[in-house]
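To start, the structure itself, in structure tokens.
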Amino acid sequence: MPKDINGALGFIHYGVDNINYQLNRDVIPHNISLSGENFKLARQVSINGNDGQLIIEVELFEKGNNKYPFYLSFIIYGIFTNKGLEAGQFQRAVEYNGTALLFPFIRSTVADITKIANNGTTLLLPTINVNALIEDSKK
């Protein structure tokens, strides 16, 4: 077992901002499924020396589209620190590993909001392949 089990990417803090939930009372929620069309993540990475920030804009269902039971959007951000990576590696670690680290918080936020809204269903996001998600978004 290695003496130092800490990773080279330090995870300092995360937060949620700009939550927007709009219920569509004309649609009864049941068997909600997500796809690339109605589940969007947009990422922005900023690096300042050994500090990094990842901002992920989350959007579920299209705003104003009457075939979905609700619209939800929010921003989740993570603050990271470099513990020994080269600059290019740090940027990539924040983008890829940071997204993987923040995704459970995204899942929890969606579940909590849809549970509290009490619209008939709690939406549980599936696990995702973060690398595939990022690579697909770069095409």
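Can you run phi through the Karplus equation (6.51, -1.76, 1.60; θ = phi - 60°) for segment 114-122 and list ³J(HN,Hα) in whole Hz, with x for Gly and Pro?
5, 5, 5, 5, 6, 9, x, 8, 9
Would you calculate a helix-derived [θ] at 222 nm for the chain, using -39,500 (n - 2.57) for each DSSP H run of n ≥ 4 and dividing by the full residue count, to the nearest 500?
Only helices count here, giving -9500 deg cm²/dmol.
Expressed as a rounded percentage, what relative contact order does the chain have, with Cα pairs under 8 Å and six or more residues apart?
Over the chain, the number comes to 27 percent.
Set the Förster distance to 30 Å, then compute FRET efficiency between Lys83 and Gln44 from the Cβ-Cβ distance, nearest 0.05.
Rounded to the nearest 0.05, the efficiency is 0.85.
Which one, Phe39, Phe11, Ile56, is farthest towards the positive end of the dipole of the chain when Lys and Arg carry +1 and Asp and Glu -1 on their Cβ?
The residue sitting most towards the positive pole is Phe39.
Please work out the Cα convex hull volume for segment 9-137 and give it in Å³ per residue.
99
Each value in this text was obtained by applying a stated rule to the coordinates, not by laboratory testing. Quick caveat, the model's predicted, so the values are computed rather than measured. As a convention, Cβ positions derive from the backbone with ideal geometry for all residues, glycine included, and neighbour counts pool all protein chains shown.
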